[in-house]
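These notes are about the structure you will find just below.
Values in this text are rule-based calculations from the coordinates and carry no lab data. Just so it is clear, the structure is predicted and the values come from calculations on it, not from any experiment. Every residue, glycine among them, receives a Cβ derived from its backbone with ideal geometry; neighbour counts consider all protein chains shown.
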Amino acid sequence: MRFKDIQRLVKILETSSLSEIEVADFLGRRIRITKSINNGTPVRIETPPQQSVEKAGKTEGKTDNLVAIKSPIVGTFYRSSAPDAPPYVEVGDIVKPGQVVCIVEAMKLMNEIESDIAGKVVKMLAKNEDPVEYNQELFMVEPT
């Protein structure tokens, strides 16, 4: 989203009775602009949380209680910190909140992706060195 587009959204919000506007583009990037009901309070622009964890829909077999760990950014998925290092997690491993599960490289920066939940990794949905999109499911975890 271009800066001019964001400026237009802010102007729409300022001149309307709305208190919040949220838009998403075709790449899944979202922006939320909110204003306080009190006059004189500055407009606040928020971006989505670092990582989104959602219940997975029922697709096949027993997946109704699985939770997806998703990529918070667009980049390249890596299972380990180096080519000769062991993977952060394997199918069957137990993960804890805050535990690093993979790396997503974006613009030459290595971003450690952490689990937000405790549970057992039951499925890996991305392969090493795969390009990943924002909000793409990387792992399926069965909560404990």
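Please sort by residue number the trypsin sites (Lys or Arg not before Pro) in region 79-144 whose DSSP state is loop and whose Cβ has at most 14 other Cβ atoms within 10 Å. Intermediate results must be reported in sequence, preceding the final value.
Numbers: sites: Arg79, Lys108, Lys120, Lys123, Lys127; in loops: Arg79, Lys108, Lys127.
The qualifying sites are Lys108, Lys127.
What ranking of Ser80, Ser71 emerges when the number of other C-beta atoms within 10 Å of each C-beta is taken as an exposure proxy, fewest first?
Ascending number of Cβ neighbours within 10 Å: Ser80, Ser71.
Of the cross-linked pairs Lys96/Lys123; Lys35/Lys70; Lys11/Lys70, which ones have a Cα-Cα span greater than 22 Å in the structure shown? Mind showing how you got there, number by number?
On the way: Lys96/Lys123 16 Å; Lys35/Lys70 29 Å; Lys11/Lys70 33 Å.
The pairs that break the limit, which is 22 Å between Cα atoms, are Lys35/Lys70; Lys11/Lys70.
Fewest first, what order do Tyr134, Tyr78 take by the number of other Cβ atoms within 10 Å?
Values: Tyr134 17, Tyr78 22.
With the fewest neighbours first, Tyr134, Tyr78 line up as Tyr134, Tyr78.
May I ask for the distance between the Cα centers of region 93-135 and region 1-20, given as a whole number of Å?
When both Cα centres are located, 34 Å separates them.
If a/c stays under 1.5 just call it rounded; otherwise compare a/b with b/c (prolate if a/b is bigger, oblate if not). Do that for region 53-143, with a ≥ b ≥ c from the square roots of the Cα gyration tensor eigenvalues. Write out the running numbers ahead of the final one.
Values: a/c = 1.88, a/b = 1.50, b/c = 1.25.
Prolate.
Considering Cα pairs under 8 angstrom that are at least six residues apart, work out the relative contact order of region 53-143 and quote it in whole percent. Show your work: numbers first, answer last.
On the way: 219 pairs, mean separation 31.7, N = 91.
In percent, rounded to a whole number, it is 35.
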